[in-house]
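The values are calculated or read from the model by the stated rules, or taken from the named source; none is laboratory data. These figures come from a predicted structure and were not determined experimentally. Please note: Cβ atoms are built from the backbone with ideal geometry, for glycine as well, and neighbour counts cover all protein chains shown.
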């Protein structure tokens, strides 16, 4: 496995792969890798000739500087995990390598057709502009055959699909497949997340109640309306000392608009366990 830190290096490696007609898998990450990331990479290795994994804490998608500073980083540990599961290249650039000074200080503009106005987009203005900025750049650099994203960030996945399928970039990425992969959980149900590293043991234990409540909502949905289930989820989690719901919304899986019933619906939640912001979801 090779660690690459410059755009020039990655373009050279991609060109060599293309000359040999190799399929390329890409797994974009921000590092602090866990078994959820590993599952994406393992699938990419199984389905492609060559796999690139980006490890880059993207500053343009953080609207909270403190959150950016506290985001866990450990490239050495990440590289060991990636090598053990068969990744071929790790792309770990600095922000200065990835962006010009002007790009770092200018908001990337993209028409999300309303997908960025709900849930995460509403709570984190500009977040998805930064996500699309870095992901589109990675697509240009790596020219992947398939790119892999976890379904825990469901809204992000919907926006990436839109970027590839419905935007002006459609012709550029016409052969690219976006692969959504299931959430990986601990035995107690807590969704694996890099942010879990910031949780104390007591906060981790509290956070297991998030998925327990979401699972219970599957039963509640049999005899209640969408709005009733939303409110019951919020009330149940907020009743646990140490947890605080930022939002819980049941939306259509494609449009992300509020669902009127539970067919093709997904419930998306953000909860603070202590100071740490966690996301999760469940499909109805």
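Structure notes:
- Residue match in segment 113-120 (condition: closer than 26 Å to residue 197 by Cα, in contact (Cβ under 8 Å) with a residue 24 or more places away in the chain and outside any loop (DSSP other than H, G, I, E, B)): yes
- Among the residues of segment 94-111, those that are touching a helix residue (DSSP H, G or I) at 6+ places or on another chain (Cβ under 8 Å), assigned to a loop (DSSP other than H, G, I, E, B) and surrounded by fewer than 19 Cβ atoms within 10 Å (Cβ to Cβ) comprise 107, 108, 109.
Quick grid of which residues meet (1) exposed (fewer than 14 other Cβ atoms within 10 Å of the Cβ); (2) assigned by TED's automatic domain parsing to the domain that holds residue 142; (3) in a loop (DSSP other than H, G, I, E, B):
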position: 175; (1), (2), (3): yes, yes, yes
position: 216; (1), (2), (3): no, no, no
position: 235; (1), (2), (3): yes, no, no
position: 241; (1), (2), (3): yes, no, yes
position: 251; (1), (2), (3): no, no, no
position: 254; (1), (2), (3): yes, no, yes
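- Qualifying residue in segment 224-232 (condition: surrounded by fewer than 18 Cβ atoms within 10 Å (Cβ to Cβ) and closer than 28 Å to residue 113 by Cβ): yes
- Whether a residue is in contact with a helix residue (DSSP H, G or I) (Cβ under 9 Å, 6 or more places away or on another chain) and in a loop (DSSP other than H, G, I, E, B) was assessed, and residue 187 does not pass this test.
- In segment 256-276, residue farthest from the chain's Cα centre (by Cα) [restricted to those that are closer than 13 Å to residue 221 by Cβ and buried (at least 16 other Cβ atoms within 10 Å of the Cβ)]: 262
- In segment 204-235, the residues that are in contact (Cβ under 8 Å) with a residue 24 or more places away in the chain and more than 16 Å from residue 187 (Cα to Cα): 217, 218, 221, 226, 229, 230, 233
- Residue in segment 263-284 that is more than 29 Å from residue 35 (Cα to Cα) and not in a helix (DSSP H, G or I) present: yes
- Meets criteria (under 25 Å from residue 186 (Cβ atoms), modelled with pLDDT of 95 or more and touching a helix residue (DSSP H, G or I) at 6+ places or on another chain (Cβ under 7 Å)) for residue 279: no
- Single unsatisfied condition, residue 152 versus (1) under 12 Å from the mean Cα position of the chain (by Cα); (2) in a helix (DSSP H, G or I); (3) modelled with pLDDT of 90 or more: (2)
- The set of residues from segment 14-46 being surrounded by fewer than 19 Cβ atoms within 10 Å (Cβ to Cβ), touching a residue at least 60 places away in the same chain (Cβ under 8 Å), in a helix (DSSP H, G or I) and more than 20 Å from the chain's Cα centre (by Cα) comprises just one member, 18.
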